[in-house]
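Notes follow the structure.
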Amino acid sequence: MKIKNICCIGAGYVGGPTMSVLALKNPNIKVTVVDINQDRINSWNDENLGDLPIYEPGLEEIVNEARGRNLFFSTDVEKAIDEAEMIFISVNTPTKTYGKGKGMAADLKYIELCARQIAKVATTDKIVVEKSTLPVRTAQAIKDILDNTGNGVKFQILSNPEFLAEGTAVQDLLTPDRVLIGGEESEEGTIAMNSLVEIYATWIPKENILTTNVWSSELSKLVANAFLAQRVSSINAISELCEVTGADVGEVSRAIGMDSRIGPKFLKASVGFGGSCFQKDILNLVYIAKTYGLNEVADYWEQVIIMNDYQKRRFADNIVSTLYNTVSGKKITFLGWAFKKDTNDTRESAAIYVADALMNEQAEIIVYDPKVSEKRIYEDLDYLGSRSPEENRRLLKVVKDPYIASEEAHAIAILTEWDEFIEYDWKKIYDSVVKPAFVFDGRKLLDAELMSKIGFDYSSIGISKTQNK
Ligand SMILES: NC(=O)C1=CN([C@@H]2O[C@H](COP(=O)(O)OP(=O)(O)OC[C@H]3O[C@@H](n4cnc5c(N)ncnc54)[C@H](O)[C@@H]3O)[C@@H](O)[C@H]2O)C=CC1
Ligand SMILES: O=C(O)[C@H]1O[C@H](OP(=O)(O)OP(=O)(O)OC[C@H]2O[C@@H](n3ccc(=O)[nH]c3=O)[C@H](O)[C@@H]2O)[C@H](O)[C@@H](O)[C@@H]1O
């Protein structure tokens, strides 16, 4: 079956870039991305490409080419559903903040709303594609809702999880390691899967397009994120051991990563992983395991989160203890707020938690991030609810120039690995800060030898301090 019209519900970090690339590579398919958030849709339609709602290297060029040709952004959800033969659901699936499974399970209310809306609007057969990350067996719930409309419309549900990482979304979409499509093991299921395979095959080699049953596909997405996050927590656990033994975590990563069975990627020690998905998806996995009574399995994966929380806390505690056990009234400059470089996304960023811990100690935080807005930073802090919005604004200031941000600082903390931080005139910064000039590098970004030579008291995740001197 040749698809001519696609709708994607959810114009976020996944829906926007994914559909832009799909539209670029399939000029004969009309792709409409819909969202209930009018501001977001306005930004996607903004003449000024610099104002797209998401910052991703290479995205502006793609949107520029496809938008208005066969790529459209709209808030008219019903019309887009009605017209489409294939509907991607790419809405958010955050951790539940209420009721059963609070703090662990995925909140599927947005998914269910989409399913109900599709059920209400559809008058012709549709293929519904789960693009959002979902607990294993969600397709069954979607199917139940869709199959009970009583209007004779037939639905096929596919699982097609997204593996892009923020900051490299465009490259990941153009040349993915693999595309995963799960479908029903039936003739109709196979036809539906094939029609999605054909769409991807316009730019991805067929051998990289994997088809499985629906449950394997849904579960593989959670497992992929759990394995990736586990590697970060594993190396972060080792970073502390390095700091006390004189080993250098960078050297350890390199040494173990050269073993082809281990591989070199995802072995960078850090202040802790962030992002909207790792924690959410592992908690979801833990919850599913518990639901099935698999307590040892649940405990095993929960440890990845426990280690990550510890790493963030440890970073903040180290700042306090190094600054003579008090940061009250001291100015601490944060370089970086995003959860990783090359994105303006701050969801679950380690910076939020480190700032919160230091603000509890009455520190004055000055933040500079090249891509994150002041509004976003305050929203992140207010969301935590640790103190009043006024107090957050009193204790934390956002500055647009890194040199001004660093003036008179008692310490500088590096929270995000933005490339530009490496290029700064660190001698100029040294001259403007309070002495001793402390730098806490949460990303192992800067040259330890150079920093010490300039005069900084430099400490970095995974290197013992005595080693720098
Ligand atoms: N952010 C990432 O890098 C990745 C995210 N994912 C998964 O993809 C899914 C989406 O994530 P993001 O794009 O980051 O979320 P997001 O929050 O950026 O975007 C979701 C969008 O869906 C819209 N929405 C919610 N309910 C709607 C409805 N009923 N009708 C129309 N629009 C609706 C929201 O307004 C929002 O703009 C999640 O399940 C996530 O786990 C998967 C891979 C990567
Ligand atoms: O489901 C998702 O949302 C996505 O989650 C991650 O992508 P993302 O969170 O965008 O970014 P990552 O590059 O995975 O980084 C996550 C966090 O881990 C940290 N990290 C990563 C790698 C590393 O070696 N060390 C480390 O601390 C990063 O700084 C960041 O805070 C996965 O890499 C994607 O495959 C997946 O699609």
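Checking the Cα-Cα distances for LYS30/LYS79; LYS268/LYS341; LYS25/LYS109 against a 24 Å cut-off, the pairs over it are LYS25/LYS109. What the phi angles of segment 53-66 give under the Karplus curve with 6.51, -1.76 and 1.60, with θ = phi - 60°, is a coupling list of x, 10, 9, 9, x, x, 6, 4, 4, 5, 4, 4, 6, 8 Hz, glycine and proline written as x. Normalised by 2.2 N^0.38 Å, where N is the number of residues, the C-alpha radius of gyration of segment 226-468 stands at 1.01. Of the trypsin sites (Lys or Arg not before Pro) found in segment 258-360, the ones in coil according to DSSP and having at most 14 other Cβ atoms within 10 Å of their Cβ are ARG261, LYS265. Of the solvent-accessible surface of segment 226-468, computed with a 1.4 Å probe and all protein chains present, 54% belongs to carbon and sulfur. Solvent-accessible surface of the chain, taken per residue with a 1.4 Å probe and all protein chains present: 45 Å².
Judged by the gyration tensor of its Cα atoms, with axes a ≥ b ≥ c, segment 5-204 is rounded; a/c sits under the 1.5 cut.
Among rounded, prolate and oblate, which fits segment 130-221 when a ≥ b ≥ c are the square roots of the eigenvalues of its C-alpha gyration tensor, a/c under 1.5 means rounded, and a/b larger than b/c means prolate? Prolate. With one equal scatterer per alpha carbon and no solvent term, the Debye-computed log10 I(q)/I(0) for segment 1-65 at 0.21, 0.23, 0.25, 0.26 1/Å reads -0.84, -0.99, -1.15, -1.23.
In segment 5-204, the portion of solvent-accessible area held by carbon and sulfur atoms comes to 47 percent [1.4 Å probe, whole percent, DNA, RNA and ligands not counted]. Length gained on full extension, THR291 to ASP419: 41.8 nm, using 0.36 nm per residue less the C-alpha separation. If you average the alpha carbon positions of segment 396-444 and of segment 101-168, how far apart do those two centres end up, in angstrom? Between the Cα centres of segment 396-444 and segment 101-168 lies a distance of 46 Å. Helical content alone sets the calculated 222 nm signal of the chain at -14000 deg cm²/dmol, taking -39,500 (n - 2.57) per DSSP H segment of four or more residues and averaging over every residue.
When all protein chains stay in place and ligands, DNA and RNA are ignored, the 1.4 Å accessible-area order of ARG387, ARG231, largest first, is ARG231, ARG387.
Mean projected area of the Cα convex hull of segment 99-183, taken over all directions, amounts to 7.3 nm².
Within the straight-line cut-off of under 19 Å between alpha carbons, the aspartates and glutamates reachable from LYS154 are GLU78, ASP82, GLU83, GLU85, GLU112, ASP125, GLU130, ASP144, GLU184, GLU185, GLU187, GLU188, sequence neighbours fewer than 8 places apart in one chain being disregarded. The listed peptides 100-106, 149-155, 134-140, ordered by packing as a protection proxy, come out as 134-140, 100-106, 149-155 (highest mean of other Cβ atoms within 10 Å first). Distance between the pseudo-spin-label points of SER452 and TYR310 (7 Å out from Cα toward the beta carbon): 2.7 nm. For the residues ARG376, ARG116, a 1.4 Å probe over the protein chains yields an accessible-area ranking, largest first, of ARG116, ARG376. Taking the Kirkwood radius as Rh and the Cα radius of gyration as Rg, the chain has a ratio of Rg/Rh equal to 1.00. Here the relative contact order of segment 286-440, from alpha carbon pairs under 8 Å that lie six or more residues apart, stands at 24 percent. How far is helix 214-245 tilted off the main Cα axis of the chain, in degrees rounded to 10, range 0 to 90? The helix 214-245 is inclined about 10 degrees to the chain. Annotation for segment 316-359: chymotrypsin sites (Phe, Trp or Tyr not before Pro) lying in DSSP loop with at most 11 further Cβ atoms inside 10 Å of their Cβ are TYR324. Measure nothing fancy, just the Cα-based angle from helix 350-360's long axis to the longest principal axis of the chain, in degrees from 0 to 90, nearest 10. Between helix and principal axis, roughly 50 degrees. Evaluating 6.51 cos²θ - 1.76 cosθ + 1.60 at θ = phi - 60° for every residue in segment 23-35, the Karplus couplings come out as 5, 4, 7, 10, x, 8, 9, 7, 10, 10, 9, 10, 7 Hz, glycine and proline recorded as x.
The values are calculated or read from the model by the stated rules, or taken from the named source; none is laboratory data. Bear in mind the structure is a predicted one, so any value in this text is a computation, not a measurement. For neighbour counting, all protein chains shown are included, and Cβ atoms are generated from backbone atoms with ideal geometry for every residue, glycine included. Heavy atoms of the whole protein, side chains included, go into the accessibility calculation; ligands, DNA and RNA do not. Shrake-Rupley method; radii C 1.70, N 1.55, O 1.52, S 1.80 Å.
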